[in-house]
Amino acid sequence: MCRQCGGGSCGSAEWQMERPASAAGEPKLRHVEKDVLIPKMMREKARELCSDKVQDFTKCCQETGFLMVIKCQQENAALKECLTAYYSDPAFYEECKMEYLKQREEYRKTGIPAKRKQQKLPTSM
């Protein structure tokens, strides 16, 4: 604990040295990264991987209107099953985590978010 501020908010070198390093040199993830950002990436990738089932469910809903709750149960169940399979797969979580860490490292080096980097910028006018 820092003697100057009683915690670590002042950013002193004393506090920096006392903090334990993460296990096995693995990058430390903040709560928001573990519980929000990586699951968001998992949802986006799972929707892409289950795109055929998403399209089937969307088409069914558009065709049936208000009766979609009753008529699209089969498509909805298939979509849920596909998405849940990805959400509960620890290997898929690790894959998304590594991709997130790569994006975070790139952002820390360049200061440019990955989404903005993917946009094509005009080279000449």
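The values are calculated or read from the model by the stated rules, or taken from the named source; none is laboratory data. Every value quoted in this text rests on a predicted model; they were computed, and no experiment measured them. So basically every Cβ, Gly included, is an ideal-geometry build from the backbone, and we count neighbours across all protein chains shown. Note: accessible area is taken over every heavy atom of the protein model, side chains too, but ligands, DNA and RNA are not part of it. Shrake-Rupley method; radii C 1.70, N 1.55, O 1.52, S 1.80 Å.
Would you confirm whether any residue within the range 38-55 is β-branched (Val, Ile, Thr) and either in contact with a Phe, Trp or Tyr (Cβ under 8 Å, 6 or more places away or on another chain) or open to solvent by 100 Å² or more (accessible area, probe 1.4 Å) (or both)? Break it down stepwise before answering.
Of the residues in the range 38-55, the ones β-branched (Val, Ile, Thr) are 38, 54.
Filter once more, keeping what is either in contact with a Phe, Trp or Tyr (Cβ under 8 Å, 6 or more places away or on another chain) or open to solvent by 100 Å² or more (accessible area, probe 1.4 Å) (or both): 38.
Checked the range 38-55: at least one residue is β-branched (Val, Ile, Thr) and either in contact with a Phe, Trp or Tyr (Cβ under 8 Å, 6 or more places away or on another chain) or open to solvent by 100 Å² or more (accessible area, probe 1.4 Å) (or both).
Being aliphatic (A, V, I, L, M) and open to solvent by 50 Å² or more (accessible area, probe 1.4 Å) is the filter here, so list the residues in the range 65-81 that pass it. Please lay out each step first, then the result.
First pass over the range 65-81, keeping only residues aliphatic (A, V, I, L, M): 67-70, 77-79.
Within the range 65-81, 67, 68, 69, 70, 77 qualify.
Taking (1) farther than 30 Å from residue 26 by Cα; (2) free of Cβ contacts under 8 Å to residues at least 24 places away in the same chain in turn, residue 94 satisfies each apart from (1). Right, residue 93: closer than 25 Å to residue 35 by Cα and either of a type in the set (S, T, N, Q) or open to solvent by less than 90 Å² (accessible area, probe 1.4 Å) (or both) or not? Answer is yes for this residue.
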